[in-house]
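The values are calculated or read from the model by the stated rules, or taken from the named source; none is laboratory data. This structure is a prediction, so every number in the text was calculated from the model and none was measured. Glycine also receives a Cβ, built like all others from the backbone with ideal geometry; neighbour counts cover every protein chain displayed.
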Amino acid sequence: MNVLVVGGGGREHALVWKINKSRKVKNLYAAPGNPGIAKIATCVNILPTDINGLVRFAKEKNIDLTVVGPELPLSLGIVDEFNKNGLKIFGPTRAASRIESDKSFAREFLAQYDIPSPKFQIYDSAAQALKYLKTINTFPVVVKAAGLAGGKGVFIVNNKNEYERIVDEVLVQHKLGEAGKKIVVEEFLTGQECSVFVLTDGLRILYLPSAQDHKRLYDGNRGPNTGGMGAYSPYPMSKLVTDFIKEVIVQPTILCMHEKGFPFKGVLYAGLIITPSGPKVLEFNCRFGDPEFQAMVPLIENDIIELFLGVVDNNLQDLQVKIKNLWSICVVLVSAGYPFDYKIGEEIQIKGPLDTGTLLFHAGTKIEDGKLVTAGGRVLNVVYAADNLRVAKQKVYEEIKKIHFNGMFYRKDIGSSGMKKMKRKRKVR
Ligand code: GLY
């Protein structure tokens, strides 16, 4: 088969790495890819948003399956366009991807079907949003831009002044452009966050390993929000919580999307919070998580192309996900200054061979004058899987010591909350 992966970050490098292991694959391409991907696939200089360019390329190279990494091309209708042209593609249609690309639509949909979620209000006018402020008695509240804002559209608002400022910036000054045409004001929930991933053909569901992302910049979940500083997989959950998530959140969502006429085909990512009153939906995404996918990929035993084809061809009933009994950690190495202004062009040095069990997925890197240099905020993902989380953590941090670039920064506590959670469980027993 000829396969094309759309995207060029750490998640797409992990996808290409896994797809490259499939015996079904003959030629593997990535658009635009990155220097890590270029070692195992042919990178083509087409942007993920250039949908006509991607259709042309897929026809020219007789691509049998296209796999889409990021949300933006999905929200622009890449799947609809490929389908129109008779090309196979893994991912949801534009209508189904609204579950991520329009947070006001997602909240109303979940409320309509009583799927556990925070309380919310939707505003497209600053006057209405400010009128609502008068009724808020407890802070923080969460204000979200309804559209895709590249990870910059979620604000934890601690007081009235902050609320007024955010409303002004988003709804009056339009600092987030189209993404901020509407806002969703949500109840702030507390609890552990986790990411649940399922493959679905619109009706049938296969569960992939779960994960926990670490969105804040600093250890102990402090500092500004980022695109994700690391993840571990699986996220330890009791049977009770797992069953609740399956029966009360995931299955109803997929069945109701089908009933509403926009069936979801692809990977559905449920961003959940386990509150004292049970799991609730913080957000749904219409693609794999980044960096969660990098953490979970070594746990998936299957030929991933078989799973993707099962979704595309509606054959999931014949498949089972085989998950290795391992624990995996992904630590993201970022540029100094990330998630704000950061410097690029720093030479990346890898001293000595990495352990054979280590996976190194590129995100923001490029080749300049024959050298590998930094080219983004999130630069590299270092992944290690082992029999237990403690060993995975020890090994991943040992391996990171071999990697250097000026200003390199990373969290030192990825996996710690999972280890604590399991220790507590052992004590309770
Ligand atoms: N891990 C956060 C995201 O992929 O959106």
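When every residue of the stretch 382-391 is checked against the conditions, at least one turns out to be among the hydroxyl-bearing types (S, T, Y) and outside any helix (DSSP H, G or I). When A146, A106 are screened for being small (G, A, S), within 18 Å of G177 (Cα to Cα) and buried (at least 18 other Cβ atoms within 10 Å of the Cβ), only A146 passes. Given the criterion surrounded by fewer than 18 Cβ atoms within 10 Å (Cβ to Cβ), at negative phi and touching a residue at least 12 places away in the same chain (Cβ under 8 Å), identify the matching residue among K401, K425. Checking each option against the conditions leaves just K425. Of all residues in the stretch 39-68, exactly one satisfies the criterion of being in contact with a Phe, Trp or Tyr (Cβ under 7 Å, 6 or more places away or on another chain), crowded, with 21+ Cβ neighbours inside 10 Å and not hydrophobic (A, V, I, L, M, F, W, C), namely T66. Taking the criterion of being in a strand (DSSP E or B), more than 16 Å from the ligand (Cβ to nearest atom) and either in contact (Cβ under 8 Å) with a residue 24 or more places away in the chain or within 16 Å of D213 (Cβ to Cβ) (or both), would at least one residue in the stretch 260-276 satisfy it? Yes; the residues of the stretch 260-276 include at least one that is in a strand (DSSP E or B), more than 16 Å from the ligand (Cβ to nearest atom) and either in contact (Cβ under 8 Å) with a residue 24 or more places away in the chain or within 16 Å of D213 (Cβ to Cβ) (or both).
Residues in the stretch 315-342 that are in a loop (DSSP other than H, G, I, E, B), at pLDDT 95 or above and among the polar types (S, T, N, Q): Q320, N325, S335. Looking only at residues in the stretch 5-27 that are under 17 Å from the mean Cα position of the chain (by Cα) and β-branched (V, I, T), the one that is farthest from A41 (Cα to Cα) is V6.
Name the residue, out of V312, V391, V332, V382, that is aliphatic (A, V, I, L, M), within 16 Å of the ligand (Cβ to nearest atom) and either without any contact (Cβ under 8 Å) to a residue 60 or more places away in the chain or surrounded by 13 or more Cβ atoms within 10 Å (Cβ to Cβ) (or both).
Working: V312 fails: within 16 Å of the ligand (Cβ to nearest atom); V391 fails: within 16 Å of the ligand (Cβ to nearest atom); V382 fails: within 16 Å of the ligand (Cβ to nearest atom).
Matching residue, one of V312, V391, V332, V382: V332.
Assigned to a helix (DSSP H, G or I) and without any contact (Cβ under 8 Å) to a residue 40 or more places away in the chain: does that describe E100?
no
Considering G228, G191, G153, which residue is within 20 Å of S75 (Cβ to Cβ) and surrounded by fewer than 21 Cβ atoms within 10 Å (Cβ to Cβ)?
Values: G228 fails: surrounded by fewer than 21 Cβ atoms within 10 Å (Cβ to Cβ); G191 fails: within 20 Å of S75 (Cβ to Cβ).
So the residue among G228, G191, G153 that is within 20 Å of S75 (Cβ to Cβ) and surrounded by fewer than 21 Cβ atoms within 10 Å (Cβ to Cβ) is G153.
In this structure, does Y218 turn out to be modelled with pLDDT of 95 or more, touching a strand residue (DSSP E or B) at 6+ places or on another chain (Cβ under 7 Å) and among the aromatic types (F, W, Y)?
no
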